[in-house]
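Taken together, the values in this text are just the output of simple stated rules run on the coordinates, not laboratory data. In this text the structure is predicted, and so the values were computed from the model without any measurement. Note: ideal-geometry Cβ built from the backbone for every residue, glycine included; neighbour counts use all protein chains shown.
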Amino acid sequence: MIRFVVTIFCGIVILMFCWSCANVREETKIEQVQSYIAALNQSNYNKIVSFFGDSIHLDELDYKSAFSKKAYRDLFQWDSVFQPSYQILDIQLKNDSVFARISKEGKRIRFLNEAPSVTQEVFTFTSNKIDRIAITSYDHFNHKKWDSNRTTLVNWVAAHHPELNGFLYDQSISGASRFAAAIDMYQKKRNTSSVPSLIVLGTVQDAGSPHIACQRNCCKDLFKNPDPNRKVVSLGLIDPENQKKYLFEATPDIATQLKALKKYSTTLTSELPDGIFVTHAHIGHYTGLQYLGKEATNAKDVAVYAMPKMRRFLKQNGPWSQLVSDHNIVLQNLSSRTPVQLTSNLSVIPFTVPHRDEFSETVGYTIVGPNKKVLFIPDIDKWKKWDKSIIEAIAEVDYAYIDATFFNGEELNTRDISQIPHPFVIESMNLFADIPASEKNKIYFIHFNHTNPLLQQSNPQIQQVINNGFHIAQINETIEL
Ligand SMILES: [Zn+2]
Ligand SMILES: [Zn+2]
Ligand SMILES: [Zn+2]
């Protein structure tokens, strides 16, 4: 009997042991990660750190950092202010590590990325505790948008709420609260602002993207799936107080660009602008004017600002001459370095720059608002051919949108980039290498050839430009003037 009881007891113990083995197996690493993410979603700090050992390594690509529980608490509290939420999109165990695809969103990410971010993460374990969480790739993370929105917010705060300055680098609860407050105030004000603003309506070189007859990887998929953000270079200008709007460049994408400009000027109902400034007679910069004629909208007296040779070219050559004779457009005189006062808040100063001038001069513009100035030079030969120093020109403004047609020689299969008549992005970055960070911060590259790697979100060159302290112009980005 005793032996029987002992046998039963041992059996039960063995069973229980196996059961707990099974339990350990069930409390698998995958489940630990799932419970950890659930704890993040509940903002439950004690639960979260119960999955960690004494410290936790958090890696982002090549950037590695280790946190004690105390240091992690600060990071956790900072992040919690933005009310993040997480979702596991995919999870699997490989070689004792958990590989997961995780989507994260929250106030900060929504504002900067304009969508949830999605990352590939690897969780590794020591003694059954999560020891390291490494982000190995960003699947949905728009570096250009992130940088552009962050800069917009920092600049807006500096101009309107200096008491919040420094929020970006303050990783305390108070820093996060100021960050969140800045987002709230900026979003509220943006919709009711009466200050003039400038909107980027296109960033691509004249011939667009996809590019005619291109067989390379840059355009292959775009013929099937066009990207609505690939528009030829153009800027819009809005003065809400004086109820006026202006367009810089008349591109082949003028129809959608004018709609976008109208959308941004909520109080202005007219479809057509109060004036169009063109830089030169290359196809991306003026041929959109044809849509103002009889076959299209048959506009009435739209002011087109142009330099003397450009005006002559339009007046004397069809089909442009018909726009003039039918009064679809009215040519307005520009002369180099002479300001044009548009409204009480806005003026524009054209200046000639060296470029292939077959049919017209080529100009750049300084756009002057009540508080800020913007330089716009979409096309130019090498910087050293200009009679003015680009570094001085940048010093005179707050923002500079400048020619970035080509990144380096690779996209043209040539090593000798000195012969190609544009400043390559790598040449410009070298030229600007020693200017102060605050000057670099003014620079926005624009006018990208279809081959330019800065057009393609996943390319490492984008990170290179941003890490060097510059920006890549982003369609729809807005600057208050
Ligand atoms: Zn161009
Ligand atoms: Zn291409
Ligand atoms: Zn050109």
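How many nm is it between the label spots at VAL330 and LYS263, if each spot is 7 Å from the Cα in line with the beta carbon?
3.1 nm
What FRET efficiency, computed as 1/(1 + (r/R0)^6) with R0 = 60 Å and r the Cβ-Cβ distance, is obtained for LYS47 and ILE212, rounded to the nearest 0.05?
Plugging the Cβ-Cβ distance into 1/(1 + (r/R0)^6) gives 0.55.
Decide, for the chain, between rounded, prolate and oblate: order the square roots of the alpha carbon gyration tensor eigenvalues as a ≥ b ≥ c, take rounded if a/c falls under 1.5, and otherwise choose prolate if a/b is larger than b/c, else oblate.
In terms of gyration-tensor shape, prolate.
How much net charge surrounds SER347 when only other residues with a Cβ under 13 Å from its Cβ are counted (Lys, Arg +1; Asp, Glu -1)?
+3
Would you be so kind as to identify which of PRO460, TRP156, ILE402 lies farthest towards the positive end of the dipole of the chain, taking Lys and Arg as +1 and Asp and Glu as -1 on Cβ and the Cα centre as origin?
TRP156
First select every other residue whose beta carbon is under 13 angstrom from the beta carbon of ALA404; then total the charges, Lys and Arg +1, Asp and Glu -1.
That sum, taken over residues with Cβ under 13 Å, equals -3.
Ranked by Cβ crowding within 10 angstrom, fewest neighbours first, how are THR269, THR297, THR287 ordered?
THR269, THR297, THR287
From a point 7 Å beyond the Cα of SER137 in the direction of its Cβ, which residues of segment 83-121 have a backbone N at a distance under 19 Å?
Inside the label zone: 88-95, 97-104, 116-121.
Among PHE223, PHE76, PHE277, which comes first, second and so on when ranked by fewest other beta-carbon atoms within 10 Å?
PHE223, PHE76, PHE277
Say R0 is 22 Å: what FRET efficiency, to the nearest 0.05, do ALA158 and THR256 get from their beta-carbon distance?
Result of the calculation: an efficiency of 0.10.
Could you pull the Cα extents of segment 193-480 along its three principal axes, largest to smallest, in whole Å?
49, 43, 35
Counting helices only, and only those DSSP H runs with n ≥ 4, report the 222 nm mean residue ellipticity of the chain as the sum of -39,500 (n - 2.57) divided by its residues, in deg cm²/dmol to the nearest 500.
Estimated from H runs of four or more residues: -10000 deg cm²/dmol.
How far is it, in nm, from the label point at ASP301 to the one at GLN316 when both lie 7 Å from their Cα along the line to the Cβ?
About 2.8 nm separates the two model spin labels.
LYS144: net charge of surrounding residues, Cβ under 15 Å, Lys/Arg +1, Asp/Glu -1, itself excluded?
That works out to 0.
Can you say what percent of the DSSP beta bridges in the chain, counting only those with both residues inside, are antiparallel? Round to 5.
65 percent
What distance in nm separates the two pseudo spin-label positions at LYS129 and ALA437, each 7 Å out from Cα along the beta-carbon direction?
3.6 nm
Just how large is the dipole of segment 28-140 about the Cα centre, in debye to the nearest 20, putting +1 at every Lys and Arg Cβ and -1 at every Asp and Glu Cβ?
So the dipole magnitude of segment 28-140 works out to roughly 320 debye.
Relative to the first principal axis of the alpha-carbon coordinates of the chain, what is the inclination of helix 143-160, with its axis defined by its Cα atoms, in degrees from 0 to 90 and to the nearest 10?
70 degrees
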